[in-house]
Amino acid sequence: MKTAYDIIIRPIITEQSMEDLDIKKYTFEVAKDANKVEIKKAIEEIFDVTVIKVNTINVRGKEKRTGAYPKGYSATWKKAVVKLSADSKNIEIFEGMV
């Protein structure tokens with residue numbers, strides 16, 4: 001059985017994700033086999049907030065080269081954009097970054 005901390009791997013801190021904080025949208029890297037229902041329950045359990053919508057995106061690995069011949073790919077991962085309800089509190093780990 002997966003715990004909430006196995007599903008939510010880390011927050012995504014980028015310029016675009018920081019612009020969505022004022023409309024209560026937060027971005028996380030999640031486990032590749034997690035579905036939207038599991039992600040919603042994990043966010044609500046960890047941060048004690050109310051989630052109204054979850055969007056997921058599979059991010060493909062980019063081709064990387066380390067010299068002339070050996071080429072490979074960076075790892076693929078899954079991203080989740082979580083929308084909180086208007087009366088829900090903010091997530092504290094994103095505070096002070098904007």
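Within a straight-line Cα-Cα reach of under 20 Å, K25 can be paired with the following aspartates and glutamates, leaving aside sequence neighbours fewer than 8 residues apart in one chain: E15, E38, E44, E45, D48, D87, E92, E95. Kirkwood-type hydrodynamic radius, the chain: 14.6 Å, calculated from all non-identical alpha-carbon pairs. Largest first, the residues M18, M1 sort by 1.4 Å accessible area into M1, M18.
Surface calculation, 1.4 Å probe, protein heavy atoms: D48 sits at approximately 110 Å² accessible.
The alpha carbon gyration tensor of the range 40-88 gives principal lengths a ≥ b ≥ c with a/c of 1.5 or higher and a/b greater than b/c, which makes the shape prolate.
Note that the chain presents 69 Å² accessible area per residue, ligands and nucleic acids not counted, probe 1.4 Å. So what's the angle, to the nearest 10 degrees on a 0 to 90 scale, between helix 36-47 and the longest Cα principal axis of the chain? Computed tilt is about 60 degrees.
The alpha-carbon of K32 sits under 15 angstrom from the alpha-carbons of these aspartates and glutamates, leaving out residues fewer than 8 places away in its chain: D6. Annotation: K83 carries an accessible surface of approximately 60 Å², with a 1.4 Å probe and no ligand, DNA or RNA atoms counted. Its DSSP H runs of at least 4 residues, each contributing -39,500 (n - 2.57), put the calculated 222 nm mean residue ellipticity of the chain at -5500 deg cm²/dmol, to the nearest 500.
The values are calculated or read from the model by the stated rules, or taken from the named source; none is laboratory data. Values in this document were obtained by computation on a predicted structure and should not be read as measured data. In case anyone asks, the SASA skips ligands and DNA or RNA and just uses the protein heavy atoms, side chains included. Shrake-Rupley method; radii C 1.70, N 1.55, O 1.52, S 1.80 Å.
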